[in-house]
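A short write-up of the structure that comes next.
The values are calculated or read from the model by the stated rules, or taken from the named source; none is laboratory data. Everything quoted here is computed from the prediction, not taken from an experiment. Heads up, the Cβs are rebuilt from the backbone with ideal geometry, glycines too, and the neighbour counts pull from every protein chain shown.
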C-alpha cells in the first residue's frame with residue numbers, strides 16, 4: 001500500500017482544522033538528547049478526564065461540552081493503551097450526539113473521525129469505513145456542499161478508500177473533488193486531490209505495473225495547470241521522482257528536495273522521505289511457534305520518541321511506552337524505518353538538539369469473513385497504523401500492508 005510521506009499529504013486538513021479532531025495526545029517536554037535524555041510526558045490524569053466526563057453527563061451538559069469532554073478522555077485512554085476503552089467512550093458519545101449533526105456538524109464529524117482513527121488501530125476496517133462515511137454525512141447535514149469542510153470530508157473519503165485498497169473508488173472520489181473544488185475556486189483542495197491521485201497511481205503502478213499510462217496523464221494534468229495557487233503542488237512532483245530514485249538507492253533526489261525546502265524556514269516537522277516498510281510479518285524462516293503467534297495482533301503497540309535534528313535527519317530513537325503483550329520481533333524494522341526518515345531542514349541553529357516527537361505504532365490486521373465459516377477472523381496480512389502523539393491534529397498513516 002502507499003505511504004503518505006510528502007509535504008502536501010501531511011496536513012490534517014487542506015482547509016482549516018476541523019474542530020475537536022482527535023486523538024489529541026500528550027504534550028511532551030524534554031531535555032536535550034545529549035544530557036540525561038529524560039522525557040516528561042505532561043497531560044491530565046486518566047482519573048481526571050474520566051471524572052470530568054462523568055460530571056458533565058451527570059449535569060446533562062450541552063452537546064459541545066459533552067463532545068469536548070469525550071474527546072479529552074478518549075485521547076487519554078488511547079495514550080494509556082486502553083484502545084478498546086477509548087473507542088467505547090467515543091461510541092457512547094456518538095450515540096448521544098449524532099442527532100446534533102445539523103447544529104454542530106464540525107464537532108459531530110470530529111467524533112466520527114476519532115472513532116475511525118481508533119477503529120483503524122484495532123483492525124476494524126468496516127468501522128473505519130462507516131465512521132468516515134458518517135463523518136462526511138454529518139458535515140453535509142449542517143453545511144453547504146461548497147463549504148471547505150465538506151470538500152475536505154470528501155477528500156478524507158477518498159483517502160479512506162485508498163487505504164482500504166479500493167483504488168478505483170478512491171480515484172473516482174479524488175477526481176470528483178478536483179472538479180468540485182475547481183468549480184468553486186478552492187484551488188488548495190484541488191491541489192491536494194490532484195497530488196493524491198498522482199501518489200495513489202504511483203503506488204499502484206509500482207505494485208501492479210498497470211497504472212503507468214494513467215500516472216503519466218495525472219502528472220501531466222497537474223504539471224500543465226497555470227494557477228499560482230497550484231504552484232506548490234506542481235513543485236511537489238519533484239518529490240515523486242525523488243522517491244522513485246530513493247527506492248533504488250539513489251538519495252540525491254531526496255537531498256535536493258530537502259535542500260529546496262530549507263529556504264522555507266520551517267519550525268515544524270515536514271516529512272519528505274521514509275524508507276519503505278514492506279513486511280511486518282514474521283519471516284518464513286522463523287519457527288512455527290513464532291509464525292503462529294504473529295497472527296495475534298491484539299494489544300500490539302509501541303510508542304517511540306525521536307529527535308528531528310536541524311538538518312532533517314532523525315536520531316536518539318527510544319521506546320517510551322509499550323503494550324504489555326508486545327511481540328518485539330516487529331519493533332526493530334519500525335525503528336530502522338524511523339531512523340531512515342528525512343524531514344525538511346528546520347530553521348534552528350546547527351547546535352540545537354532539534355524537535356522531539358512521540359509516535360504510536362500499532363501492528364494490526366483487518367477483521368474479515370473466514371473462508372470456511374461466517375465467523376470474522378483476522379486477515380493474514382498485517383498492517384501498521386501510525387499516529388503522531390505530539391501533534392494536536394495528528395492523522396494516522398498506514399505505513400505498510402504487506403503483499404500477499
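Given 102, 140, which one is surrounded by fewer than 24 Cβ atoms within 10 Å (Cβ to Cβ), modelled with pLDDT of 95 or more and not in a helix (DSSP H, G or I)?
Result: 102 is the single residue among 102, 140 that is surrounded by fewer than 24 Cβ atoms within 10 Å (Cβ to Cβ), modelled with pLDDT of 95 or more and not in a helix (DSSP H, G or I).
Which residue out of 261, 306, 273 is modelled with pLDDT of 90 or more and touching a strand residue (DSSP E or B) at 6+ places or on another chain (Cβ under 8 Å)?
306
Tell me whether region 230-244 contains one or more residues that are crowded, with 22+ Cβ neighbours inside 10 Å, on the phi < 0 side of the Ramachandran plot, assigned to a helix (DSSP H, G or I) and modelled with pLDDT of 95 or more.
No, that holds for no residue.
Is it true that some residue in region 92-111 is out of contact with any helix residue (DSSP H, G or I) (no Cβ under 7 Å at 6 or more places or on another chain) and closer than 19 Å to residue 368 by Cβ?
No, the conditions are met nowhere in region 92-111.
In region 79-99, which residues are over 19 Å from residue 132 (Cα atoms), at pLDDT below 95 and assigned to a helix (DSSP H, G or I)?
Result: 79, 80.
May I ask you to say which residue of 286, 217, 225, 213 is over 24 Å from residue 342 (Cα atoms), at pLDDT 90 or above and part of a loop (DSSP other than H, G, I, E, B)?
That would be 225, the only listed residue that is over 24 Å from residue 342 (Cα atoms), at pLDDT 90 or above and part of a loop (DSSP other than H, G, I, E, B).
Against the condition buried (at least 20 other Cβ atoms within 10 Å of the Cβ), more than 19 Å from the chain's Cα centre (by Cα) and more than 25 Å from residue 143 (Cα to Cα), how does residue 195 come out, does it pass?
no
State the number of residues belonging to region 51-83 that are out of contact with any helix residue (DSSP H, G or I) (no Cβ under 7 Å at 6 or more places or on another chain), free of Cβ contacts under 8 Å to residues at least 60 places away in the same chain and within 24 Å of residue 302 (Cβ to Cβ).
Total meeting the criteria: 2.
Count, please, the residues in region 369-398 that happen to be at pLDDT below 80 and farther than 20 Å from residue 116 by Cβ.
Summing the residues that are at pLDDT below 80 and farther than 20 Å from residue 116 by Cβ in region 369-398 gives 5.
Is it true that residue 8 is outside any loop (DSSP other than H, G, I, E, B), at pLDDT below 95 and within 30 Å of residue 162 (Cα to Cα)? Quick ask: steps written out before the conclusion?
Numbers: outside any loop (DSSP other than H, G, I, E, B): yes; at pLDDT below 95: yes; within 30 Å of residue 162 (Cα to Cα): yes.
Judged against the criteria, residue 8 is a match.
Please list, ordered by first then second residue, the pairs with beta carbon atoms under 6 Å, 6 or more apart or interchain, first in region 93-118 and without any contact (Cβ under 8 Å) to a residue 40 or more places away in the chain, second surrounded by fewer than 23 Cβ atoms within 10 Å (Cβ to Cβ) and assigned to a helix (DSSP H, G or I).
Correct list of pairs: 97/63; 100/63; 112/134.
Say we look at region 143-155 and pick out the residues that are touching a residue at least 40 places away in the same chain (Cβ under 8 Å) and in contact with a helix residue (DSSP H, G or I) (Cβ under 6 Å, 6 or more places away or on another chain); which of these is surrounded by the fewest Cβ atoms within 10 Å (Cβ to Cβ)?
Among those that are touching a residue at least 40 places away in the same chain (Cβ under 8 Å) and in contact with a helix residue (DSSP H, G or I) (Cβ under 6 Å, 6 or more places away or on another chain), it is 149.
Out of 162, 181, 158, 170, which single residue is in a helix (DSSP H, G or I), touching a residue at least 60 places away in the same chain (Cβ under 8 Å) and surrounded by 22 or more Cβ atoms within 10 Å (Cβ to Cβ)?
162
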